[in-house]
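The values are calculated or read from the model by the stated rules, or taken from the named source; none is laboratory data. Just so it is clear, the structure is predicted and the values come from calculations on it, not from any experiment. Backbone-built Cβ (ideal geometry, glycine too); neighbour counts: all protein chains shown. Please note that ligands, DNA and RNA were not included when accessible areas were found on the heavy atoms of the full protein model with its side chains. Shrake-Rupley method; radii C 1.70, N 1.55, O 1.52, S 1.80 Å.
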Amino acid sequence: MAQMRDALDLLPQPHPDDSSPGDWTEVLKLVVVGKGDKQRETLADSELSHPQQVAAARLTQISAWLEAAGRQPKPAKTLLELAKWWVEHSGLPFEDRGTETVRAELRSMPGINAELADRLLLFVGQHRAFPIDRATIRIACRHGWTEPEADYEDWQATITRTWETTAALQRVSRGFSAVGSKHCGPQPRCTGCPLEPLLPPGGPISLGEEGG
Ligand code: SF4
């Protein structure tokens, strides 16, 4: 596991840390905008930036606000449930509450899968959680750090055991996303990749079905 831990120092940090942990606007970024979206600022001034207003709105109104901000209306139901939950906990749904409790509440909401729940826990709530996305799976399997057959909870346990602080987990998550988009897609492009020094002696382990 030592090599996996070494990745922290090699990974790039592509975006300056402009996040505001614990803030509703972070929820909006993760649920509506997604990773790498260049138009995240368009939501800051929209009606959606006020959770009380979203919690009291009808779905059609939330959809209209999303469309006015240049977004698809699909996350409207997710936002409504999240806003109600946010208001119910007085704007502090992640504070002084167990990770498993919050995780279960998030996963029970429409449109929130295991990965998004953990992304919210890590980046909004500052909990020790890690969103297991495709980039993470590709990188970890190709380096032999985990088995492709492992389930989501196994991946989660391995990664949170390796990096213990939320700051490190956030850094690794951002770094894996950046490496995944630039180097470690369906076909690995290892030459010049920041994690190339950590490859196994025989090169990246094949993921089989993708040919990479
Ligand atoms: S591209 Fe190669 S070196 Fe980079 S993370 Fe993927 S397998 Fe590792």
(request) Collect the residues in region 193-204 that are more than 25 Å from the chain's Cα centre (by Cα), near the ligand (Cβ under 10 Å from one of its atoms) and not in a helix (DSSP H, G or I), keeping them in residue-number order. (result) Pro200, Gly203
(request) Scan region 31-54 for residues that are assigned to a helix (DSSP H, G or I) and either modelled with pLDDT under 70 or buried (at least 18 other Cβ atoms within 10 Å of the Cβ) (or both) and jot them down. (result) Val31, Val32, Val33, Arg40, Glu41, Thr42, Leu43, Leu48, Pro51, Val54
(message) Being open to solvent by 20 Å² or more (accessible area, probe 1.4 Å), touching a residue at least 40 places away in the same chain (Cβ under 8 Å), of a type in the set (D, E, K, R) and not in a helix (DSSP H, G or I) narrows it down to one residue among Arg171, Arg138, Arg128; which is it?
(response) Arg128
(request) Would you mind finding the one in Thr158, Thr165 that is in contact with a Phe, Trp or Tyr (Cβ under 8 Å, 6 or more places away or on another chain), more than 9 Å from the ligand (Cβ to nearest atom) and either farther than 29 Å from Ser20 by Cβ or not assigned by TED's automatic domain parsing to the domain that holds Ala83 (or both)? (result) Thr158
